[in-house]
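Participant: Structure below; questions to follow.
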Amino acid sequence: MYAVNFLLLSAALFSIGVFGVIARRNAVMVLMSIELILNSVNLNLIAFALINNDIDGHIFALFVIAIAAAEVGVGLAMVLMIYRNRRSIALDGLSEMHG
Amino acid sequence: MLFAAEETAEHAVEAAGWFLENSWLIPLIPGIAFFVILLFGKRLPKGGSEVGIASMTASLVIAAGAAFQWIDRVDSSHGEHVGPVIRQWTWWQSGGTKFGIGQHIDGLAVMALLLVTFISTLVQIYSTEYVKGDRRYTHYFASITLFSAGMLTMVLAPNMVQLILGWEIMGLCSFLLIGHWWEERANSEAALKAFWTVRVGDIGLLVGTAMLLGIFGTLDIKGINEGAAAGDFGAQSTLMWAAVALFIACIGKSGQFPLHTWLPDAMAGPTPVSSLLHSSTMVVAGVFLVARLYPVFHVGLEINAVGQTFNLIAVIGGITLIVAAALAFVQNDIKKVLAYSTVSQLGYMMMGLGVGAWTASVFHIFTHAFFKCALFLVAGSISYTASHHSFDMKKDMGGIWKKMPITFGVWMVSTAALAGIPFFSGFFSKDEIIDSAKHADYTIFYIVGIVGAFMTTAYMTRATYLTFFGAPRGGAAHFMGVEQPDNEAHDDAAHDDHGDHGDDHDAHGQDDHAPVPGRSFPFAPFDSPWKITAPLLILGTLAVGSGYLNAPALGIHWFEHQTESSIGLPIAEGHGEEAADLAHAGEGDEEAGTAAEGEDEAEHAAAEGESADSAIFTVPEAPEFKWSAAAPGLLLVLAGFLTSLFLSFAVFGKRKSALTPLVGLTQRSKPVGAVHKFLVNKLYLDHLYEKIIFRGVAYPISKAAYWFNQKVIDGVVDGAGRSGKRTGEWVYRNIDQRLVDGAVNASGMVASETGHALQPVQSGKVNQYGALLFGAAAVAAIVLILLNV
Amino acid sequence: MNALIFAADVNVAQNVGFYIIAAIMLFAAISVVSTKNVVHAALWLVVVLGGVAAQYILAAAEFVAVSQVMVYIGAVMVLFLFGIMLTRASIGDDTDVNNKGWAIGIPVGVAFFGVLAYSVIDAFEDTVLVDPSGAQIASATTAISDGYLGDYLIPLIALSFVLLAAAVGAIVLARKD
């Protein structure tokens, strides 16, 4: 099959994830969109490994998976902290800047 | 060019002597003395007068030496033309114009130098007694020394600029000295009047000098004279106008009609000043100018031209003569009588120059100086000693001839000279003028001259009678020891007169009472002190003797011989050898003429030679003296004397006579009274000048000038100020506030608005940050793609 | 593009399988970012993650696929759900799920997709993947372990530090004091 398929798919996932980051108000949902983005990147890596017949892509994809897990853990801990302090996790009101 | 000329002149005749070559010291010494007196005079024991007298004596010595050497030079020239001794140092040089300062010594100058230094010395000696104890003693001597320096500068001026310099210095000193007692209003006004009137004339001097420069291209007197004599000028009328302009200056300075009004008022000054400046020396400066530049006048106004019956100079001189003599009749102040007499005699001199009698007029300057100065000094002597400082003849004089014999004697001798009585000096000079008028066919001026002689004798007799004869009055009565019924009233009146005459006697408690008069001569115990009387004696002697230097009646032409080279200018080569021959013939004849007889034909030949104006330039020689020709004049003199004597006895005397009903005629008779009033008001000339011309011209001009100043000039200035202020305000409002401050504020606002505009970027909203991040990345990617496509 | 679908020399089954899974994934991804229910969004995310795992298998990356399922779906998504629960997400539809400026996401997303698609197509249009059914690819797992413990050993150790730090950090952050 054509390699372009995988890459296009990952591009679409990436764009959808970008839209989610921009549009969603709930902090958890933003984190989910970030997960989407990370997965699309993973897909890209595997596709390139397939194209170039190299195993490094797989290794990187595993790194990304591990890092994503760590990030989600810490991120959610922060969200919980915020929720505890402000009783809300709507990103609109989480700004103390005067802009 | 002139220095070269000087050298050739010296080589032509034998080198001039030391005194002649260094005559420039003569005005310089009094000039330096002026500064010395001004700076140090107050500290000197005699208040500066010793410096003044010493300087004048030194100048007199040098002048006498120069005179001797000049006589020597003329005598040894053996009939050649005697060139003047000219020395000039460059004063100013620019482009092609150059004039210098120095000396121009010829016979005329030597005569004038000697005259001025001599009389100045005598007057300064006289002044040490007369103004003793005066509040401005030192300044008086400074001014009088400066005056002498100025006159001497003018007399030996080689060019017009130095002449004008001397002229103006004299004017300044006249002002200073007339107003010596300026605390009284009348004195300061007289000084100003003198100055302004002469100034009006000085316009003519400057215009005339400028015209001469334009015509002849040089300011040197020698060059101007030679040019005029040789006919080296453009149009005759140009020269005429230059001559007219110069003559206007002479009218002012020498007190000719109509600018004579200042001279009688100038009597407000101290008497020595009147005797020095306003009788013998300064007022003859105008006559001297005409004599000095005579070729200009002679050619310009065509004096002695065939068929001419009158010219400007003679007419003015004649009118002055008569008018002044008429005015002298109605004066009560002895100095004013003498002042009008001076004006009248100056009229004689001018008239003489106008009819071509150059030598006679110059000689009249010479003799007139002595006897007029003597007359003034006598008046001063009388006021000092007899009339208690008053000059009013009617109120304070009379009958003093017995007690002041020397003063009386000098007066009589001088009056005789003035009247032209034979064998006194005035006769030889004044009669020659009258004779020349007749001889040169100026008949009307001949008549004017002899009528003037009549009037001169008449008014002098009146003055003599009032002063010396009759019953003593007022101050004289006090002097003579005669009791007067109303002595105190007369004393007050006498004191009032002091205010008019401006003697140093106005306020009591003045220190003029303090100084003790000097000792008199032992042979004249009641005469004035010796410092006053000695000059009187010297001048009286000269009043008699000076005439004998040039007495045609006795065949003496010595003075003429000494001074003729001032006029007898050689005409440059190229004007014909006949001219040169005639010139030699003329001069040769003149030389023979100095011997004895046979001069008349030579003189007539020379006269004819010059009347064609192509020979050597000379003026008509004086006519041969004949007693028969002089007779009409002498008869009129006698008639004047007798008439006046009888009238005086009748009007002023006590004895009744046939003419007694004439007493009080001016009050009783309307026409006679009107004439009298006309004369007393000085022909209403002062009224004309001051009220009509001055007010009519000056006031509108001054008002217009004031209006111009306030409205136009001040308006411009104020307008400039206001517009400047408004401009400043506009600039402040618009440019400063709006533009500059706006720019500054705008820059600040730009910064703050930029910040405000960029502030939303830092909203703190995560979504927005994400949007910006990804958006920028997308843009950058697009750009990259586009660049690489 | 036609060649993509109707290529005769490609493996039709693999292609078809790919397309079906891709469609499911896309639909689920769009639902993740557009649903109003937070829990539904998490569940749709599970579907996406599963789909990704399936794609891994199709791309002959079995180990990665299994790791993806175990880690992502098994741990991360449970974590997400716990997080949703602890932050009291509303049961049912949430009223204000999108923020004010959500509209700007569309052009940004579209721009991104456009850029990426263009560059990908431009670069890889003609690349044909090797048929993975043949035994050309060596055992991926062995190769991965060789890689990790060989070339990428230090990153592996660093990764372990990261995980440790993340765990400790999360505990520290979230504990109630």
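The values are calculated or read from the model by the stated rules, or taken from the named source; none is laboratory data. Owing to the predicted nature of the structure, the values given are computational and were not obtained by experimental measurement. Because the Cβ atoms are built from the backbone with ideal geometry, glycine has one as well, and the counts that use them run over all protein chains shown.
Participant: If the Cβ limit is 6 Å and pairs must be 6+ apart or interchain, which residue in the stretch C:106-127 that is more than 19 Å from A:ASN5 (Cβ to Cβ) and more than 7 Å from chain A (Cβ to nearest Cβ) pairs with which residue that is aliphatic (A, V, I, L, M) and part of a helix (DSSP H, G or I)?
Facilitator: Note: pairs meeting the criteria are C:ALA111/B:ALA778.
Table: residues versus (1) modelled with pLDDT of 90 or more; (2) at the interface with chain C (Cβ under 7 Å from one of its Cβ atoms).
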site	(1), (2)
A:ASP54	no, no
A:PHE63	yes, yes
A:GLU71	yes, no
A:ALA77	yes, yes
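Participant: Report whether or not A:ALA47 is at the interface with another protein chain (Cβ under 7 Å from one of its Cβ atoms) and either touching a residue at least 12 places away in the same chain (Cβ under 8 Å) or of a type outside the set (S, T, N, Q) (or both).
Facilitator: On the way: at the interface with another protein chain (Cβ under 7 Å from one of its Cβ atoms): yes; either touching a residue at least 12 places away in the same chain (Cβ under 8 Å) or of a type outside the set (S, T, N, Q) (or both): yes.
Yes: the conditions hold for A:ALA47.
Participant: When you go through (1) more than 21 Å from B:ILE221 (Cβ to Cβ); (2) within 9 Å of the chain's Cα centre (by Cα); (3) at pLDDT 90 or above one by one for B:CYS250, which number turns out not to apply?
Facilitator: B:CYS250 satisfies every listed condition except (1).
Participant: Right, A:TYR2: crowded, with 17+ Cβ neighbours inside 10 Å, away from chain B (no Cβ under 14 Å), over 27 Å from C:GLY109 (Cα atoms) and not aliphatic (A, V, I, L, M) or not?
Facilitator: no
Participant: Name the residue, out of B:VAL284, B:VAL299, that is surrounded by fewer than 24 Cβ atoms within 10 Å (Cβ to Cβ) and not assigned by TED's automatic domain parsing to the domain that holds B:ILE433.
Facilitator: None of the other options fit; the residue is B:VAL299.
Participant: Continuing with the same structure: Conditions: (1) more than 10 Å from chain A (Cβ to nearest Cβ); (2) crowded, with 16+ Cβ neighbours inside 10 Å; (3) free of Cβ contacts under 8 Å to residues at least 24 places away in the same chain. C:VAL66 meets all but one. Number of the miss?
Facilitator: (2)
Participant: Under 8 Å by Cβ, and 6 or more places apart or on different chains, what pairs join a residue from the stretch C:154-172 that is in contact (Cβ under 8 Å) with a residue 60 or more places away in the chain and within 7 Å of chain A (Cβ to nearest Cβ) with one that is of a type in the set (Ser, Thr, Tyr) and surrounded by 15 or more Cβ atoms within 10 Å (Cβ to Cβ)?
Facilitator: none
Participant: Turning to a different aspect of this structure: Tell me, which residue of the stretch B:753-789 that is loosely packed, with under 11 Cβ neighbours inside 10 Å and within 13 Å of chain A (Cβ to nearest Cβ) is farthest from C:ASN99 (Cα to Cα)?
Facilitator: Here the answer is B:GLY755.
Participant: Name the one entry in B:LYS395, B:LYS438, B:LYS402 that is part of a helix (DSSP H, G or I) and either farther than 18 Å from B:ILE319 by Cα or free of Cβ contacts under 8 Å to residues at least 24 places away in the same chain (or both).
Facilitator: Criteria check complete, one pass: B:LYS395.
Participant: Looking at (1) among the hydrophobic types (A, V, I, L, M, F, W, C); (2) crowded, with 17+ Cβ neighbours inside 10 Å; (3) at pLDDT 75 or above, can you tell me which one B:ALA471 breaks?
Facilitator: It is condition (2) that B:ALA471 fails.
Participant: Got at least one residue in the stretch B:137-148 being touching a Gly at 6+ places or on another chain (Cβ under 7 Å) and among the small types (Gly, Ala, Ser)?
Facilitator: yes
Participant: Do we have A:LEU7 as over 21 Å from C:LEU159 (Cα atoms) and facing chain B (nearest Cβ under 10 Å) here?
Facilitator: Answer is no for this residue.
Participant: From the list B:THR153, B:THR117, B:THR121, B:THR138, which one is β-branched (Val, Ile, Thr) and either in contact with a Lys or Arg (Cβ under 6 Å, 6 or more places away or on another chain) or part of a loop (DSSP other than H, G, I, E, B) (or both)?
Facilitator: One residue alone meets the criteria, B:THR138.
Participant: Here's a follow-up. Check B:ASP431 against each of (1) at pLDDT 85 or above; (2) out of contact with any helix residue (DSSP H, G or I) (no Cβ under 9 Å at 6 or more places or on another chain) and name the one condition it does not meet.
Facilitator: Single failed check for B:ASP431: (2).
Participant: Being facing another protein chain (nearest Cβ under 7 Å) and at pLDDT below 95 is the filter here, so list the residues in the stretch C:49-59 that pass it.
Facilitator: Once the filter is applied, which keeps residues that are facing another protein chain (nearest Cβ under 7 Å) and at pLDDT below 95, the stretch C:49-59 yields C:GLN55, C:TYR56, C:ALA59.
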